[in-house]
Amino acid sequence: MNKSVTPQKATIQSKLVLIIVTISTLSLLLAATLFTLVQLQEHRSTLIENLTSVAKITADNVQAAVLFENERDANKILSEFSSDSRILTAAIYTAEKQLFSFYDISKQNITRLYDFSAENGTYQFENDLFHIYQPISIQGENNIIGYVYLKANLDSLYQQLRHNILVITLIVISVLIITILLSSKLQKLISAPILELAQATKTIRDDKNYGLRVEHNEYLEIKQLSDGFNLMLSEIQERDNHLQQLAMYDELTGLHNRKYYIDLLNQAIARGLRKSQSHAILFLDLDRFKHINDSLGHSVGDEILQQTSQRLTLITRDDDVVARFGGDEFIFLLQDIPSLHHVAEMTDRILEELRMPFSYRHHSIVLTPSIGISLYPDNGETSEDLLKKADTAMYQVKSMGGNAHLFFTDAMNVEAQQRQNVEEDLHSAVIKDEFFLQYQPKVNLHSGEIMGMEALIRWKRKGKDLVPPNEFIPIAEETGLIIPIGNMVINEAILQTKSWVDAGLYNHRIAINISAKQFRQVDFLDNLKAQIEDNQISPEFLEIEITEAVVMENTDDAIAKMKKIKDFGIKLAMDDFGTGYSSLSYLKKFPFDILKIDMSFIRDMQVSNVNASIVKSIISLAHTLGLEVVAEGVEQENQATLLRDMNCDLIQGYLFSRPLNSVDVSSLLQKGSNLFDLMDRESPSSPTTKP
Amino acid sequence: MAEKQTKAYSESVVKAALIYNILHFIEWPTKDLEICIYGANEQDVSSFNLFPSSTKAGNALLVTFLHKNGTLLIPDTCQIIFITGEAKINTRQFLAKTKNPQSVTIGESRQFIKQGGMINFVHKGSNIRFEINADAFKKAGLIISSQVLRIADRVYMGDDNE
C-alpha cells in the first residue's frame, strides 16, 4: 500500500467548517461587542436622564418644605426613595447650605456632602457611584432656596450590562452550535464532488482501473474538473492499451510479438515441468522474402507479412500460439503435444496454407516457408536453447532449398557451429588479409581477343582450402564485413589493372562485383573516386557489376547513384540477369551499359529450343537498348558458336579460361591468347561436348 | 434649628414671612401683587414694612394698610387680604364686601375658615401653622400648589365648611 498517506492531513471538509465557523464567530463577537457597547452607552444616558429628572422632581417637590422649613415633610418626601434601590442617599440643604433633611438607604449618616464647588445641575461619576447636585429654586432659576443631593448606585447599569452580556453569550453559543451543525451539512455542497473525485482517484490508483468515470454536473467548475479528469483517464486508458498492445503485439501483423511469445514459452516450460507435458517450437522463415522486399519494395513485403499472419492465425488452434519473431520469421508454440505426428500434421497444414500464391496488386507471388522444429523437453529445457535449436533446424531447411520442415538433430548443431566458425574466422581474415583476387577474362566472340576481365574474390582460410564465395559472402553481408572486404577488392583490382596497363599488357576494363550493402553506402561513390584518384588510373578502366536486387529497392535513389557513377566514366553491368524477376522492360529504366546473362540460361540453351530462343531475344533486345551482352559460364564450343550466331558480344567461362591468379593472367596477356586458337586446338577433345 | 429661629422673631414677623412664602405658591392672574392688611397693630406695621418690595420672580409687591375705623372700603386692587386677630369684625360680612372675587383672604380666628376665609393661622404649641380652605380657592378660581396643601396643618374640602 501507499505509505504517502500522511497521518490525518487537514481535509477540505474540516477547513470549510473551520472557515464558516470562524467567520460566524468573528462576526457574532463583533456584533455582540458593538451591541453591548451601544447598549451600555444607552443605558448610561437613560440612567443619567432618569436620575437627573428624579433630582429635579425632588427639588420641585421639596420647595415648600424648604421654604416653610418643614423638616417633617422633607423627610417624608425623601423617604419615598426607599422604594428606589438605585438611590443610596438623598439630602436637602437650605439656601444657607445647611443640611435640612436626608435619607440613606442603609440608615447611615451621610458620608459625602453636597459638593458646592460642583456646578449646579450637574452630576459626577465616581467608580460605581453617581452624584447629582440639583439646586431647589422657586419662581425662576436665580431664586435658589436650597439644594438636593442624590447619590445613586450604578449597580443597575452593570447588572443590565451583565444581563445583556449573558443573553448575548447564550445567543452566540447557540448560533455557533447551529452554524457548526449547518456548516458540516453545507460544506458538503462544495466538498462532496471534490471528495468524490479524490475517492475516484484513490480507487483508480489502488485498482489500476482506468475505465472508471466520474459524473458530476451540479456546478460549472466541478463539471469542468470532472470532465478534465475523465478526459485524462480516457487518454491514460488509451495509452495504456496502446502500450499493452506494443508490449504484447506486433504492430504490423497484429500477432503476438517475440517478448510475449518468450513469456508464454517460459510459462509453458514451467507447466511442462510440473505436468510432464511436451511442447513443440516451430521456427518459420519465408524463403526468398528478402528478395521480394528488395525487388518489389517494403510495402509489398509488409502486405505479404500481413497476409501470411492471417493465414497462420487461421490454422492455429486455441491452445497454440503464433507470433512474429521479427522480419519474415514467425514462430509457433504447440503446447502439450500428444505425439510427433501431431507436429508433422501442423507443419503440413502450414506448408499447404502458404502454398497458395500471395497477391499484391498485379503481382502474384509464390513464397515457400522453411520450418525448423525443436521439442521440449527433448531438445532443451530453456526457451533460449529451444529457440536457438529451432532456428538452427530452420537454417538447415533453408540450405537444402527451403519449402520443407526439419526436426532439430544434434548433427545440425555441428553445421551451425561450422557457420559460427566461419563468421569468427571471417573477422580475423579481414585483419590478417587472407583474401586475394582471381581474374576471369572475357573474350570477344568475333575477334576472339581478350576484351575485359572480372575480378573475383577468394579466401584462403587459415589451415584450410579455398572457401567458395557463396559460402562466406552472405555471412560477410550479414555481419557487415562486406564493406572492408569490398574496399579491399576495389583497391586490389585497381592496383593490378594499373600495373598491367602500365606494362602495356592490357587496355580494357576490369569488372568489380559490388554487393547491395556496399552499393547502398552513402559514401560509396566518394570512396570509389578517392581510390581511383589515389592510384592515378582512368575511371574508364573500371566496370561495376551489380545484381538486380541491388537496384530494385529505392529504385529512384539507385538510378541517381548509377547516373553519377556513369558520369564519372565508369561502366555499369547488370550481373546474373535471369535469376531474379528480371524483366527486359524495366532494363530501360536503368542506365546499364552491359548485360551479363546468367550461366543457368547458357547451360539450358542446349536442353530446349525454347531456352535458346529466350537467350536470343534477350540478346537482341539488349542490343536494341544499346547494351553490350556478355554470356556467363560458357564452357563448350557449341555454346560459343550458338552465341556468336545470336550476335552475343562477349563470353566468359571455362571454355576460354577459368579464374586465374594475377601471375597467370600476366603470362596469358603476354602470350596474347585468342579464343579461336583455343577452339581450333581444343574443341575436338572437349570433354563436355555432346556426342 | 428652624424652631429656634422662629423663637427669635416676633409673631407678626413670622406671619408676614409665611404670607410672603405662601404667595409664591399661588398662581396669580396678574403679575404685580398688592397685600392689604386690616386691623394691623404697630408690630404688624413694622413687620410688614420689612416686606420685600418685589416677589422672588421680580414682580412688584405693594403693601397697603386698611383703617379699621374707615368705611371698610376694600380696594379692588387687593389680591391678598390679611385680617388680623385684632380686627374684631364679622368675618362673613367683611368678606361679602370684598369686590375682587379672586383675592386670597387670610385670617387668624377660629371661625375664619367656616365663615368663608381661605387661609387661617393657628397656634400649635409655640409654632404658628396655617389651615387652608381648598374649597374657597376652588370657588375663587385660584390654584394653590399642592406642596402648600401638604404643609398646611389642615386642609378643608367641600363638606368641611359646614
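The values are calculated or read from the model by the stated rules, or taken from the named source; none is laboratory data. None of the values given here were measured: they were computed from a predicted structure. Glycine gets a Cβ as well: all are built from the backbone with ideal geometry, and neighbour counts include every protein chain shown.
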Conditions: (1) surrounded by 14 or more Cβ atoms within 10 Å (Cβ to Cβ); (2) more than 25 Å from A:N293 (Cβ to Cβ); (3) free of Cβ contacts under 8 Å to residues at least 60 places away in the same chain; (4) not β-branched (V, I, T). A:Q606 meets all but one. Number of the miss?
-> (3)
The stretch A:486-510, subset outside any helix (DSSP H, G or I) and under 59 Å from the mean Cα position of the chain (by Cα), residue farthest from A:K571 (Cα to Cα) | A:H508
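Condition (residue is among the aliphatic types (A, V, I, L, M), closer than 21 Å to A:Q139 by Cα and more than 14 Å from chain A (Cβ to nearest Cβ)) applied to the stretch B:43-51: is it met by at least one residue?
Yes: one or more hits.
Look at the stretch B:21-42 and say how many of its residues are in contact (Cβ under 8 Å) with a residue 40 or more places away in the chain and within 14 Å of chain A (Cβ to nearest Cβ).
7
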Name the residues in the stretch A:351-394 that are over 17 Å from A:A268 (Cα atoms), of a type in the set (S, T, Y) and surrounded by 19 or more Cβ atoms within 10 Å (Cβ to Cβ), would you?
-> A:S370, A:T392
Can you tell me which residue among A:T89, A:T58, A:T36 is in contact (Cβ under 8 Å) with a residue 60 or more places away in the chain, assigned to a strand (DSSP E or B) and over 60 Å from the mean Cα position of the chain (by Cα)?
-> A:T89
When (1) touching a Lys or Arg at 6+ places or on another chain (Cβ under 8 Å); (2) surrounded by fewer than 19 Cβ atoms within 10 Å (Cβ to Cβ); (3) among the small types (G, A, S) are applied to A:A152, the one that fails is (2)
Scanning for something within 27 Å of A:Q124 (Cα to Cα) and within 14 Å of chain B (Cβ to nearest Cβ), does the stretch A:39-57 turn up at least one residue?
-> yes
Got at least one residue in the stretch A:166-189 being assigned to a strand (DSSP E or B), more than 60 Å from the chain's Cα centre (by Cα) and in contact (Cβ under 8 Å) with a residue 40 or more places away in the chain?
-> no
Please verify whether the stretch A:442-465 includes one or more residues that are in a helix (DSSP H, G or I), touching a helix residue (DSSP H, G or I) at 6+ places or on another chain (Cβ under 7 Å), touching a residue at least 24 places away in the same chain (Cβ under 8 Å) and under 28 Å from A:K529 (Cβ atoms).
-> no
Considering (1) surrounded by 16 or more Cβ atoms within 10 Å (Cβ to Cβ); (2) farther than 30 Å from A:I171 by Cα, say which one A:L40 fails and leave the rest.
-> (2)
Output the residue which, of all residues in the stretch A:61-86 that are outside any helix (DSSP H, G or I) and closer than 25 Å to A:L157 by Cα, is nearest to the other protein chains (Cβ to nearest Cβ).
-> A:D84
When you scan the stretch A:658-688, how many residues do you find that are modelled with pLDDT under 80, hydroxyl-bearing (S, T, Y) and surrounded by fewer than 14 Cβ atoms within 10 Å (Cβ to Cβ)?
-> 2
(1) closer than 26 Å to A:M574 by Cβ; (2) crowded, with 16+ Cβ neighbours inside 10 Å: which one isn't true of A:S447, the others all being true?
-> (2)
Provide a single number: the residues in the stretch A:402-460 that are of a type in the set (F, W, Y) and within 25 Å of A:R509 (Cβ to Cβ).
-> 4
Take the stretch A:614-647 and flag every residue that is under 58 Å from the mean Cα position of the chain (by Cα) and part of a helix (DSSP H, G or I).
-> A:I614, A:V615, A:K616, A:S617, A:I618, A:I619, A:S620, A:L621, A:A622, A:H623, A:T624
Wholly inside the stretch B:77-162, helices (runs of 4 or more DSSP H) that include 2 or more residues that are within 14 Å of chain A (Cβ to nearest Cβ) are B:146-151
How many residues does the stretch A:87-110 hold that are hydroxyl-bearing (S, T, Y), surrounded by 18 or more Cβ atoms within 10 Å (Cβ to Cβ) and away from chain B (no Cβ under 14 Å)?
-> 2
